[in-house]
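Enquirer: Before I ask anything, here is the structure I am working with.
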Amino acid sequence: MTTAPPRRAFALACWLLLLCIPAALAQSPGGAAAPFRTTDVSDSQAFLVRATRHTPARVDAAAIERLLRRMTLKEKIGQMTQLEIGMISDGVDANIHVNPEKLHKAVGEYGVGSILNVKDEALTLEQWHGYIRAIQAEAAKSRLKIPVLYGIDSIHGANYVKGSTLFPQPLGMAATWNPELALKSAEVTAAETRAAGIPWNFSPVLDIGRQPLWPRLWETYGEDPHLAKVMGVAMVRGYQGNDLASPDRVAACLKHYVGYSGPYSGHDRTPALLPEKTLREYYLPTFRAAIEAGAASVMINSGEVNGVPGHADHNLLTTVLRKELGFDGVAVSDWEDIKKLVTHHRVAADEKEATRIAVMAGIDMSMVPSDYSFADLLLQLVQERKVPMSRIDEAVRRILVMKARLGLFKDPALGIGGAIGSPASRALSLQAARESITLLKNERNVLPLARQARVLVTGPTADSLIALNNGWTYTWQGDRPQLYPGRPTILAAIKQKLGDANVAHVPADFQKGADLAAVTAAAQSADVIVLCLGESSYTETPGNIDDLSLPESQQRLASAAAATGKPVVLVLVEGRPRLIRSFADAMAGILLAYNPSNEGGTAVADVLFGDVDPSGRLPITYPRYPNALLTYDRKLAEDTDTSFGQKAFNAQFEFGAGLSYTSFAYSNLAVTPTSLPATGTVTVKATVRNSGQRAGAEVVQLYLRDRVASVTPSVRRLKRFAKVWLSPGESREVAFTLARDDFSFIGADNRPVVEPGEFDVFVGPLTSMVTITRAPASNQKEKKP
């Protein structure tokens, strides 16, 4: 392992001091792990404001213009071209090596501006260093010596670098409701990605997670725009810091602008039907906030919205992204998506026409990625004056500025030499996993489990690191067990708590299930059954399903476990909410673990046995029925219309839900002033007290409900949250600040509007009211009686 630079070493030492102590406590018999107290967030919006305050490093604009003037057309188009690693190498998986002739063709002859990806399998630091140095050495031989920008998908840690620290997948991070923790995880991810010499990270996914069938739901930060933008901005700031030229920072890439996550069918890369009002209310806010936070790049939606493919949508890519949102960074295509304008979307007759459409729509760089067609065709288009040189210069200028901001002109291998996989980083990952786990049911206080308990563990996710991690883990699909490190699975972690003699295990398969007779027999000598169900690994199109129900084999296993008469604790390890209606009532306890990553087995066991108080809260609505996929911010008609035998909103578990081993009492809700004029703010205060017998964390959530609006209002909308750590008997006053914009919505004319009227304010079980008065500004609409 290489030596970390002084600044990185100091940071790691601080984290080690703060984090490893609770980790050690958790390993001692009966020891309760004290929570790592991140900075208390009195107002999630305050965190958002702090996170968006940044001063980008200055770039010598004159030098960029001089370089641009020196470039030939072919060199410029080369900068707009991105190829995958196989175009410069031979071999597969980890057994790949640079092919000098291929490398020279790509970088020396075509002047390719960017290379990405692995040949399916993660590489060691030493392998990455060899590749990056070889690529940049070839670039240094070129006429203008422009460095190559390498990109990778570090989705939940530096997951394509062997030995790196992996964190819970984004949906699990959202379940922590702790943006400070997300920021720190992103800092580690950035440092360990840059340690490989890679400066560009295709993360975070800021698609809003409102379609639970979608196979990339677990890459999102949930269904609510406020929660998702707070967590997303935390990731951007953690990745980028205040200086992209720092050796422990990377450029963020916002994915996938915009509407990708809302396919009508729920299948990956299929059409979305999203009115402009819906786009602006739910899908754009996360991108807007991250752009304001200084995100350096965006990746474009592979699907289509309202019949227009993302890569051909001039309105969204130029009018909205550039002119309205003010984005000035690099817009990169997704994998082969310009080609797919011909083969998949059929909006272009041939690839040449597709190239023209995409570049003119606003694509700066094409992830081609496995041939030179984009470069050859774009050269022809410019020579034929079908694409103006001004558009080429615009795109190349953005790419050169990004490379300059990353410090690549000064040191193309910046970051090589950093350390990965430190004990402090692993402790941070463990803390994130602990905070993500969400207790959804605890009948008769079955949890926490006793240290003397005899436990039967079964289910397909019980002994699977693959399930704990999901996709983007060492390979694209995360499906190679031989690549995973020796971390405890849920089964192994339970055995560490109780000893092998007190733990029985009946193996189970994801599709075939388990030997039900063996389960029944083993249960006779057990005090409790820990039933681990859920999903194996998947992402993107291979993860498409048509039914959110768990496979029948898993349902039969759940029924058999319940039929033993022993209390059953269900642990769900999954990337999306698989339906459990048929057996949920028979479960004594239910834990949702999401995909907590390599430290997740330990984290689940810590929660099961009470070493850690569960503090995760749902970032999604957990549906009960396959065709009742409503989000929490539904309309009132969906909530109350039970005529003709219809059922009102009846989720299995609601957004924001989550239990604790302690209890919390709310009091003293105060809203001041109770009437908000055209300017000013409203302060909402409430006191939260730990009324239980052990320390724990409460996620205080503030919702608003517009009583009457010109567009049918939602039942409620999340506006603020704070995660508060409290000892038994301890009280904390939590204060939130609301501005007039917090009472706005997208009106019928697709513009934000604040209408005068009454709003209900909800904080925990408490309710108050605030009135918005008439605004004098001409752009403020009046609420109709």
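The values are calculated or read from the model by the stated rules, or taken from the named source; none is laboratory data. What you see is a predicted model, and the numbers here were worked out from it, not measured in a lab. Don't worry about glycine lacking a Cβ; one is built from the backbone with ideal geometry, like all the others, and counts go over all protein chains shown. Only protein heavy atoms, including side chains, enter the accessible area calculation; ligands, DNA and RNA are left aside. Shrake-Rupley method; radii C 1.70, N 1.55, O 1.52, S 1.80 Å.
Enquirer: I'd like to compare 191-202, 73-84: which one has the highest average count of other Cβ atoms within 10 Å, and what's the full order after that? Spell out each step's value before the answer.
Expert: Numbers: 191-202: 28.0, 73-84: 22.7.
Order by mean packing, descending: 191-202, 73-84.
Enquirer: How long is the gain from ALA46 to ASN668 if the chain were fully straight, where each residue apart is worth 0.36 nm and the alpha carbon distance is subtracted?
Expert: On the way: separation 622, 0.36 × 622 = 223.92 nm, distance 2.20 nm.
Full extension from ALA46 to ASN668 adds 221.7 nm.
Enquirer: Can you give the accessible area per residue of the chain, in Å², using a 1.4 Å probe? Working shown, then result.
Expert: Working: 27870 Å² over 785 residues.
On a per-residue basis, the chain sits at 36 Å².
Enquirer: State to the nearest 20 debye the size of the charge dipole of segment 267-317 about its Cα centre, where the only charges are +1 on K and R beta carbons and -1 on D and E beta carbons. All intermediate terms of the calculation are to be shown ahead of the outcome.
Expert: On the way: 4 positive and 6 negative charges, 12 e Å.
I would put it at about 60 debye.
Enquirer: Same structure, new question: Taking the inverse of the average 1/r across all pairs of different Cα atoms in segment 593-714, what Kirkwood radius in Å do you get? Don't skip to the end; give the middle numbers.
Expert: Details: mean 1/r = 0.0552 Å⁻¹.
It is 18.1 Å.
Enquirer: Moving on. List the lysines whose alpha-carbon lies under 27 Å from that of LYS340, not counting same-chain residues fewer than 8 positions away?
Expert: LYS74, LYS76, LYS102, LYS105, LYS119, LYS255, LYS323, LYS352, LYS386
Enquirer: As a check on your grasp of the helix formula, calculate [θ] at 222 nm for the chain: sum -39500 (n - 2.57) over DSSP H runs of n ≥ 4, divide by the residue count, round to the nearest 500. Mind dumping the intermediate values first?
Expert: Numbers: 22 runs with 224 residues, N = 785.
So the calculated ellipticity at 222 nm is -8500 deg cm²/dmol.
Enquirer: Given SER537, PRO567, ALA593, which one lies farthest toward the positive end of the charge dipole of segment 459-600, if we put +1 on the Cβ of every Lys and Arg and -1 on the Cβ of every Asp and Glu?
Expert: PRO567
Enquirer: Test of understanding: extend the Cα→C-beta vector of ALA450 to 7 Å, then name every residue of segment 500-521 with backbone N under 17 Å from that spot.
Expert: 502-504
Enquirer: Related question: Given axes a ≥ b ≥ c from the Cα gyration tensor, I'd like to know whether segment 46-129 is rounded (a/c under 1.5), prolate (a/b larger than b/c) or oblate. Each step should come with its number before you reach the end.
Expert: Values: a/c = 3.15, a/b = 1.26, b/c = 2.49.
Note, shape of segment 46-129 comes out oblate.
Enquirer: Report in % the part of the accessible area of segment 229-331 that belongs to carbon and sulfur, leaving out ligands and nucleic acids; probe 1.4 Å. Let's see the in-between values first.
Expert: Working: 1380 of 2770 Å².
On segment 229-331, the fraction of accessible area on carbon and sulfur atoms equals 50 percent.
Enquirer: Output the relative contact order of segment 315-397, whole-number percent, from Cα pairs under 8 angstrom with separation of 6+ residues. Don't jump to the answer; show the numbers that get you there.
Expert: On the way: 83 pairs, mean separation 25.0, N = 83.
Result for segment 315-397 is 30 percent.
Enquirer: Order of 284-294, 511-521, 406-416, 222-232 by packing, highest average Cβ count within 10 Å first? Show your work: numbers first, answer last.
Expert: Values: 284-294: 23.1, 511-521: 16.1, 406-416: 20.2, 222-232: 26.8.
Descending packing order for the listed peptides: 222-232, 284-294, 406-416, 511-521.
Enquirer: For the peptides 173-184, 93-104, 317-328, 585-596, what is the packing order when you average, over each peptide's residues, the other Cβ atoms within 10 Å and list the highest mean first? Before the final figure, lay out the partial values.
Expert: Working: 173-184: 27.4, 93-104: 14.9, 317-328: 16.9, 585-596: 24.3.
The peptides rank, most packed first, as 173-184, 585-596, 317-328, 93-104.
Enquirer: Using only C-alpha atoms and all pairs of different ones, pull out the Kirkwood radius for the chain in Å with one decimal.
Expert: Numbers: mean 1/r = 0.0369 Å⁻¹.
Across the chain, the inverse of the average 1/r is 27.1 Å.
Enquirer: Measure nothing fancy, just the Cα-based angle from helix 61-70's long axis to the longest principal axis of the chain, in degrees from 0 to 90, nearest 10.
Expert: On a 0 to 90 degree scale, this one is about 50.
Enquirer: For THR438, THR773, THR343, give the ranking by accessible area with the largest first, probe 1.4 Å. Don't jump to the answer; show the numbers that get you there.
Expert: Values: THR438 0, THR773 45, THR343 95 Å².
Highest to lowest solvent-accessible surface, that is THR343, THR773, THR438.
Enquirer: Turning to a different aspect of this structure: Calculate what fraction, in whole %, of the accessible area of segment 378-498 sits on carbon and sulfur atoms when a 1.4 Å probe is rolled over the protein chains. Please report the intermediate quantities before stating the final value.
Expert: Working: 2120 of 4330 Å².
The computed percentage sits at 49.
Enquirer: Hey, another quick one. Measure nothing but the geometry: give the 0 to 90° angle between the long axis through the Cα atoms of 552-563 and the longest principal axis through the Cα atoms of the chain, rounded to 10°.
Expert: It works out to around 20 degrees.
Enquirer: With angles folded into 0 to 90 degrees, how steeply does helix 423-436 sit against the dominant principal axis of the chain? Use alpha carbons for both and round to 10.
Expert: Here the helix axis deviates by roughly 60 degrees.
Enquirer: How many Lys pairs in segment 645-785 lie less than 22 angstrom apart by Cα atoms, where the lysines are 8 or more positions apart or on different chains? Don't jump to the answer; show the numbers that get you there.
Expert: Values: LYS685/LYS719; LYS685/LYS723; LYS719/LYS781; LYS719/LYS783.
For segment 645-785, qualifying lysine pairs total 4.
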